[in-house]
Amino acid sequence: MADYASLHKDILQEILKFLSFADYIRFGAVCSQWYEVWYEVVKEKHYFPYLLFFDGDFPMIFNILENVVYQIEISELQEMHCVGFSHGWLIMINPSFDIKLLKPFSKTQVNLPPVPFFWTEEDFDILINKAVISSDPSKSSNYIVAAIYHWSYRLAFWKPGDSESTVITSTFILEDIIWYNGAFYVVGKDSQVCRVEFGMNIKLIEIASQDKWDSHRKKIYMVDFMGDLLLIYRMIYPTGYNSLKTKCFKLFKLDLEENQFVEMKNINGFVLFCFWVLIMPC
Amino acid sequence: MATIITKEQQEKEKMVTLVSSDSEKFVVEQKVAEKSHVIKMVMNCCGIESPIPVRRVKGDILKSILEYCEKHSKGEAQEVMEKWDKEYMDKAEKDLVFFHDLMLASHFLHIQELVDLIAVTFAGMLKMKSPEEIRQKFNINNDLTKEQEEHIMTTFGWAFQPI
């Protein structure tokens, strides 16, 4: 009889190359020989990313290659609010402004010192819309936390050593923020793209804008696509109270030399992920 | 009168004899046998005059492997090859004993293309299957320790309940 349980390690590793992340986990639960191989590889391989989203309070993950939704348990999220994803870490914050970074599968955690955001009485319960970190805090203490908050009008910056965060108020609604090529960039509701300049005062320097899609209801995301700064326009329309549907996506590459938007018709077979993305294994 | 022998004809004449573990003999072109990295190395150091024993591989498996190598030494169009590979694997995966031995042999003989093809096919057989379904299909005993099982279930429990 063929002995599949004791297949050689090298052969099992060849098979692992072609499994999706979820298939790969189930593979590890078959028998102890398979588990041993699984255990060795689990830390090294990079898998096709999962999209993380919330169904009510329940975190769910989805991978378009498998077309299956899984509910995952992140007990650490119970008292925390998820505000971003940077460098493989979920960024979470609680009402006392403690920031915690978490890798949702390995459950590795890093506690950052409380970020002293600037809050007034009335915006105490207003949540952060989006947070990003300039570099991996588990590797270096030279990082900056940036967050969009207060109805998307304020930007806060904080780095280790600061006693309080530096806050600026924008004149327009901020849609997204990204750390790209050594600087923070933000995009406003009307497509204003600004670079954040740190000096005596923090300033938003507008570098490009376009008014093409103004009348459309949309969400704008920024993505670093193989070294290019892309703006993703997700055209949406309401389908009822509190529910939206996506109509289509428009893509623009930001030409930073000419300070203009260049529409992209395709991305050559690549897949872009915006907002909540989990990079496996983490 | 001089006879002109083309390079192709010259190559064609280079035949090598391979002997399986159950003493079955196969005479194939050198370029076919060369698909196996291991046999290629043996041919390079020992020549092709005397038969080469392939001790760990039985006749039926070696026959099938040589069929694969022959097809893959012809340089046919990609679509033709993909179709042929698919049929080859469809047949192989029907008999799990044969499939297992084919997997070991392709690995032992170091035919990377075939190793990959078999691994993809095997991965396909595991797709969306629970560990129990996999154990049943491949006749595997669950010998996981409590710690191993707990480790997987606490860290990756979600993967066992697709919605």
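The values are calculated or read from the model by the stated rules, or taken from the named source; none is laboratory data. Computed from a predicted structure; not experimentally measured. Neighbour counts are summed over all protein chains in view; Cβ atoms, including those assigned to glycine, are modelled from backbone coordinates with ideal geometry.
Got a number for residues in segment A:89-109 being among the basic types (Lys, Arg) and either in contact with a strand residue (DSSP E or B) (Cβ under 6 Å, 6 or more places away or on another chain) or without any contact (Cβ under 8 Å) to a residue 40 or more places away in the chain (or both)?
2
Could you run through segment B:104-127 and say how many residues are facing another protein chain (nearest Cβ under 7 Å) and among the aliphatic types (A, V, I, L, M)?
So the answer is 5.
In the set B:ILE65, B:ILE48, which member is away from chain A (no Cβ under 14 Å) and either at pLDDT below 95 or over 30 Å from B:LYS137 (Cβ atoms) (or both)?
When all the criteria are applied, what remains is B:ILE48.
Out of all the residues in segment A:69-77, is one or more at pLDDT 80 or above and within 16 Å of the chain's Cα centre (by Cα)?
Looking through segment A:69-77, none of the residues is at pLDDT 80 or above and within 16 Å of the chain's Cα centre (by Cα).
Restricting attention to segment A:1-37, which residues are in contact with a Lys or Arg (Cβ under 9 Å, 6 or more places away or on another chain) and more than 7 Å from every other protein chain (Cβ to nearest Cβ)?
Once the filter is applied, which keeps residues that are in contact with a Lys or Arg (Cβ under 9 Å, 6 or more places away or on another chain) and more than 7 Å from every other protein chain (Cβ to nearest Cβ), segment A:1-37 yields A:LEU16, A:SER20, A:PHE21, A:TYR24, A:GLN33, A:GLU36, A:VAL37.
Among all residue pairs at least 6 apart or on different chains, which show Cβ distances below 8 Å where the first residue, located in segment A:155-178, is of a type in the set (Lys, Arg) and the second is crowded, with 17+ Cβ neighbours inside 10 Å and assigned to a loop (DSSP other than H, G, I, E, B)?
Once the first residue is of a type in the set (Lys, Arg) and sits in segment A:155-178, its partners that are crowded, with 17+ Cβ neighbours inside 10 Å and assigned to a loop (DSSP other than H, G, I, E, B) give A:LYS159/A:TYR143; A:LYS159/A:ILE144.
Have a look at B:LEU104, B:LEU114, B:LEU18, B:LEU62 and point out the one that is surrounded by 16 or more Cβ atoms within 10 Å (Cβ to Cβ), part of a helix (DSSP H, G or I) and out of contact with any Ser or Thr (no Cβ under 6 Å at 6 or more places or on another chain).
After ruling out the rest, the residue left standing is B:LEU104.
Just one of the numbered conditions (1) farther than 30 Å from B:GLY124 by Cβ; (2) at pLDDT below 95 is not true of B:ALA77; which one?
(1)
If I filter segment A:38-59 for residues that are of a type in the set (Asp, Glu), touching a residue at least 40 places away in the same chain (Cβ under 8 Å), within 14 Å of another protein chain (Cβ to nearest Cβ) and within 30 Å of B:VAL115 (Cα to Cα), do I get at least one hit?
no
Conditions (1) modelled with pLDDT of 95 or more; (2) touching a Gly at 6+ places or on another chain (Cβ under 9 Å); (3) surrounded by 13 or more Cβ atoms within 10 Å (Cβ to Cβ); (4) assigned to a loop (DSSP other than H, G, I, E, B), marked per residue:
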| residue | (1), (2), (3), (4) |
| --- | --- |
| B:GLU70 | yes, no, yes, no |
| B:SER73 | no, no, yes, yes |
| B:LYS83 | yes, no, no, no |
| B:VAL97 | yes, no, no, no |
| B:HIS110 | yes, no, yes, yes |
| B:ILE118 | yes, no, yes, no |
| B:GLN136 | yes, no, no, no |
| B:GLU150 | no, no, no, no |
| B:GLY157 | no, no, yes, no |
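Of the residues B:ASP95, B:ASP143, only one is without any contact (Cβ under 8 Å) to a residue 24 or more places away in the chain, in contact with a Ser or Thr (Cβ under 6 Å, 6 or more places away or on another chain), charged (D, E, K, R) and within 12 Å of another protein chain (Cβ to nearest Cβ); which?
Of the residues listed, the single one that is without any contact (Cβ under 8 Å) to a residue 24 or more places away in the chain, in contact with a Ser or Thr (Cβ under 6 Å, 6 or more places away or on another chain), charged (D, E, K, R) and within 12 Å of another protein chain (Cβ to nearest Cβ) is B:ASP143.
Please determine, by comparing only the residues of segment A:200-215 that are exposed (fewer than 12 other Cβ atoms within 10 Å of the Cβ) and not acidic (Asp, Glu), which one is modelled with the lowest pLDDT.
The qualifying residue modelled with the lowest pLDDT is A:SER215.
If B:GLU150 meets every condition in (1) touching a strand residue (DSSP E or B) at 6+ places or on another chain (Cβ under 6 Å); (2) more than 7 Å from chain A (Cβ to nearest Cβ) apart from one, which number is that one?
Result: B:GLU150 fails condition (1) only.
Among (1) surrounded by 14 or more Cβ atoms within 10 Å (Cβ to Cβ); (2) more than 7 Å from chain A (Cβ to nearest Cβ), which single condition is B:SER130 missing?
Going through the list (1) surrounded by 14 or more Cβ atoms within 10 Å (Cβ to Cβ); (2) more than 7 Å from chain A (Cβ to nearest Cβ), B:SER130 breaks only (2).
Within segment A:132-165, which residues are over 16 Å from A:TRP179 (Cβ atoms), in a strand (DSSP E or B) and not basic (Lys, Arg)?
Passing the criteria: only A:TYR149.
Can you give me the number of residues within segment A:98-113 that are assigned to a loop (DSSP other than H, G, I, E, B) and surrounded by 17 or more Cβ atoms within 10 Å (Cβ to Cβ)?
Going through segment A:98-113 one residue at a time, the tally reaches 3.
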